[in-house]
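Engineer: Input: one structure, supplied below.
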């Protein structure tokens, strides 16, 4: 019994000794693998000078000393460039990475913007060639020779025979004086003819009168297409009532909606080139007749009335046409590809490539755009090389490095010793912790955020520049 108890005690002591030895070995390995006792934020690779510390989430905030940011983020140092000082607003990227990303650039050239507008249009009748044949007196349609709309007619072709008592009485009087030989008789005949004209009978109708005929023939005044037929045979018409309308097709109108932003160089007389899908090999030429003084509030477009030559009558009302309108060239400005523009609401900028992996964001004011190019009204002088592909990656890097904030703030400088460099508008809409009157908070100050002990090192797999606040520690941080 005693022997069994002794064996158990000896086994327990042996296990305890093994655990102690294993713990000592693990502690020794951990101590040897840990880096030297130094703060991660104060480490300076290759002896580079630290300009300031910043929060990766809010790079516009600059701090004089390492530690934790007001948002609980580990501050990251910003080092000076190899030349001994930091150039303003410059973003540096390894040229090998630039090549791997396939970045493309283009040179800003000074030239007038060729504002060629391409818009659709609808063919319509040219109302300047429209003629309406109407009843100029009370009459009855005795015979109607045109029975359907869109019938082609020639000038002088009979359209209808009407029975008009008033016209017939005047015509009978005119024919009764046809054989008059005396001066008085010829004067009466002239007066009778003037009466026919006063009743609304045109010269062609007067020439077509026949003695003894009870009807009067109406003839086409011009050649064209009967676009509208308003009566039927046997119908009674009153004075002034339209009978039919004739439209010419030698010219047609095209109604187009010009975007308000692209209508600056378009005016009456601007040349037009039109094509239709039904006649792909045909090109029709014309010009803008008038820009109607009305802008649609729904589409922000202005209607344009365009006249096209149609000598072979290939164009018909209702056709869909593609229009190319060459606007007047504007004032020369630096032109850059539209894809190079970065718009962020109130600001618009481009990324200028300086060479050797150096880039700089430039605030610009843009003008009109056409054919994939945008005019730069201010910000570029011409000759600069701008990034057209991959500029958003550089823009993000510029935001993280604080280049955008320095550019927008008007070349802001790094913080001076003993003063706070946190901008009041660093985080719009978010209150920042108050600082003391001396510009910094020492250890134990209630307004200063906690700082991790210098002996604590971030895990190797932690997010660069980001550590969680330590559960304890009273070290202060000066801002």
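The values are calculated or read from the model by the stated rules, or taken from the named source; none is laboratory data. Predicted model, so just to flag it, every value in this text is computed and none were measured. All Cβ positions, glycine included, derive from the backbone under ideal geometry; neighbour counts span all protein chains shown.
Engineer: Could you pull out the residue among 368, 334 that is in a strand (DSSP E or B), within 20 Å of the chain's Cα centre (by Cα) and modelled with pLDDT of 85 or more?
Structural biologist: Testing whether each residue is in a strand (DSSP E or B), within 20 Å of the chain's Cα centre (by Cα) and modelled with pLDDT of 85 or more leaves just 334.
Engineer: Taking strands (runs of 3 or more DSSP E) that fall entirely within segment 238-331, which contain at least 3 residues that are closer than 15 Å to residue 126 by Cα and touching a strand residue (DSSP E or B) at 6+ places or on another chain (Cβ under 9 Å)?
Structural biologist: Output list reads 242-247, 251-259, 279-295, 301-309.
Engineer: Does residue 379 count as in contact with a strand residue (DSSP E or B) (Cβ under 8 Å, 6 or more places away or on another chain), closer than 16 Å to residue 106 by Cβ and surrounded by 15 or more Cβ atoms within 10 Å (Cβ to Cβ)?
Structural biologist: It is true that residue 379 is in contact with a strand residue (DSSP E or B) (Cβ under 8 Å, 6 or more places away or on another chain), closer than 16 Å to residue 106 by Cβ and surrounded by 15 or more Cβ atoms within 10 Å (Cβ to Cβ).
Engineer: Select the strands (runs of 3 or more DSSP E) contained entirely in segment 57-115, then report the ones holding at least 1 residues which are within 28 Å of residue 378 (Cα to Cα) and at pLDDT 80 or above.
Structural biologist: 104-107, 109-111
Engineer: Please verify whether residue 41 is modelled with pLDDT under 70, under 51 Å from the mean Cα position of the chain (by Cα) and surrounded by 10 or more Cβ atoms within 10 Å (Cβ to Cβ), treating the condition exactly as stated.
Structural biologist: So residue 41 passes the test.
Engineer: Counting only residues that are surrounded by fewer than 13 Cβ atoms within 10 Å (Cβ to Cβ) and free of Cβ contacts under 8 Å to residues at least 40 places away in the same chain, which one in segment 293-317 is farthest from residue 113 (Cα to Cα)?
Structural biologist: 312
Engineer: Another question, then. Does residue 343 qualify as being closer than 30 Å to residue 254 by Cα and either surrounded by fewer than 18 Cβ atoms within 10 Å (Cβ to Cβ) or under 19 Å from the mean Cα position of the chain (by Cα) (or both)?
Structural biologist: Criteria not met by residue 343.
Engineer: Which of the residues belonging to segment 216-231 are within 18 Å of residue 162 (Cα to Cα), assigned to a strand (DSSP E or B) and at pLDDT 90 or above?
Structural biologist: Going residue by residue through segment 216-231, those that are within 18 Å of residue 162 (Cα to Cα) are 216-221, 229-231.
So of that shortlist, the ones also assigned to a strand (DSSP E or B) come out as 216-219, 229.
Passing the criteria: only 229.
Engineer: Looking at 234, 156, which one is in a loop (DSSP other than H, G, I, E, B), surrounded by 13 or more Cβ atoms within 10 Å (Cβ to Cβ) and on the phi > 0 side of the Ramachandran plot?
Structural biologist: Unique residue meeting the criteria: 156.
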